[in-house]
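Undergrad: The structure under discussion is supplied below as structure tokens; questions concerning it will follow.
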Amino acid sequence: MPKNKTPRFYFSLRSPYSWLAHRELTTRHPELVDHLVWTPFFEPDPESARLLTDQGGTFPYSEMSREKNRYVLQDVGRLTKARGITVTWPVDRRPVWEVPHLGYLVAAREGRGQDYIAACYRARFGEGRDICDRSTIAAIGAGLGLDQRRIADASDDPDLRAEGVRALLDVCHDGVFGVPFFVHGFTRFWGLDRFDAFVEHLRSKALPAASVPEPLAGAVGLGRSADDGHAGGCG
């Protein structure tokens, strides 16, 4: 039997494509938000990589070429213009991606996970801020009424780091190679341009009315790629 009977959304706070997928989901299909398992996808630092390797996992990552980076900038520019939004590109200086992604785990435990994701995307792509800077995450936490130091220093907490590694193990087990990435049972969808197909897939499964929002009941479907080989993959 497939492990993921509940649809799972692998998202990255780093990726512009994951940001756009989040916008599509929350604006066009908000009824789905609470029916997905939200799992962070992030490049591990040496400590997380060691813990992941010790548990038999390997993160699927390769550096983006300069040519692909230029393409992503152009492609995201087209996508945002078509949606009537603007992007302010951040500059990542010595990023540690555990800082924002383990911060998400703190916010999720407090029932503010969705607000935190939206705030991080707004800071990163709306304001061009460095979300790997602990002061940025502390400010986001303060704005959500969360403990600033706990959320900003989440990567120093052994329990939260272990939880983050478990998320990376799910990445490995589900064969996730980029984001945005959706999994439902044995079915997988990668990239922003597969989002509508993912929604249609859910509709085709006629999930029980008790567990599906009204628009899907009785009817009932995203990626900087680790190798960035797909336009819908993560930047």
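Undergrad: Need the failing condition index for LYS68 against (1) part of a loop (DSSP other than H, G, I, E, B); (2) modelled with pLDDT under 95; (3) surrounded by 15 or more Cβ atoms within 10 Å (Cβ to Cβ), just the number.
TA: Answer for LYS68: the failing condition is (1).
Undergrad: Please state which one of LEU13, LEU32 is crowded, with 20+ Cβ neighbours inside 10 Å and either of a type in the set (Lys, Arg) or not in a loop (DSSP other than H, G, I, E, B) (or both). Please lay out each step first, then the result.
TA: Values: LEU13 fails: either of a type in the set (Lys, Arg) or not in a loop (DSSP other than H, G, I, E, B) (or both).
It is LEU32.
Undergrad: Quick check on TYR121: is it surrounded by fewer than 16 Cβ atoms within 10 Å (Cβ to Cβ) and not basic (Lys, Arg)? Let's see the steps before the verdict.
TA: On the way: surrounded by fewer than 16 Cβ atoms within 10 Å (Cβ to Cβ): no; not basic (Lys, Arg): yes.
Against the criterion (surrounded by fewer than 16 Cβ atoms within 10 Å (Cβ to Cβ) and not basic (Lys, Arg)), TYR121 does not qualify.
Undergrad: With the checklist (1) more than 17 Å from the chain's Cα centre (by Cα); (2) within 18 Å of CYS172 (Cβ to Cβ); (3) not small (Gly, Ala, Ser) in hand, flag the one item LYS5 doesn't pass.
TA: Failing condition for LYS5: (2).
Undergrad: Does ILE117 satisfy the condition of being assigned to a helix (DSSP H, G or I), in contact with a strand residue (DSSP E or B) (Cβ under 8 Å, 6 or more places away or on another chain) and on the phi < 0 side of the Ramachandran plot? Lay out the reasoning, then the answer.
TA: On the way: assigned to a helix (DSSP H, G or I): yes; in contact with a strand residue (DSSP E or B) (Cβ under 8 Å, 6 or more places away or on another chain): yes; on the phi < 0 side of the Ramachandran plot: yes.
Answer is yes for this residue.
Undergrad: Now, a different point. What's the number of the only condition in (1) modelled with pLDDT of 95 or more; (2) surrounded by fewer than 12 Cβ atoms within 10 Å (Cβ to Cβ); (3) more than 25 Å from ILE151 (Cα to Cα) that PRO46 fails to meet?
TA: Exception for PRO46: condition (3).
Undergrad: Turning to a different aspect of this structure: Look at PRO100 and say whether it is closer than 12 Å to LEU13 by Cβ, buried (at least 17 other Cβ atoms within 10 Å of the Cβ) and either basic (Lys, Arg) or within 13 Å of the chain's Cα centre (by Cα) (or both).
TA: Details: closer than 12 Å to LEU13 by Cβ: yes; buried (at least 17 other Cβ atoms within 10 Å of the Cβ): yes; either basic (Lys, Arg) or within 13 Å of the chain's Cα centre (by Cα) (or both): yes.
So PRO100 fits the description; yes.
Undergrad: Okay, moving on. Looking at (1) part of a helix (DSSP H, G or I); (2) at pLDDT below 95; (3) crowded, with 17+ Cβ neighbours inside 10 Å, can you tell me which one GLY57 breaks?
TA: (1)
Undergrad: Any residue at all in region 8-28 that is over 29 Å from ARG70 (Cβ atoms), of a type in the set (D, E, K, R) and more than 14 Å from the chain's Cα centre (by Cα)?
TA: yes
Undergrad: Let me ask you something else. Filtering region 85-114 down to residues that are acidic (Asp, Glu) and in a loop (DSSP other than H, G, I, E, B), which residue is nearest to PHE41 (Cα to Cα)? Show your work before the answer.
TA: Going residue by residue through region 85-114, those that are acidic (Asp, Glu) are 92, 98, 110.
Now restrict to residues that are in a loop (DSSP other than H, G, I, E, B): 92, 110.
Numbers: ASP92: 17, GLU110: 20 Å.
Only one residue tops the list, namely ASP92.
The values are calculated or read from the model by the stated rules, or taken from the named source; none is laboratory data. Keep in mind the model is a prediction, meaning the values are calculated, not measured. No Cβ is skipped: glycine too gets one built from the backbone with ideal geometry, and neighbour counts run over all protein chains shown.
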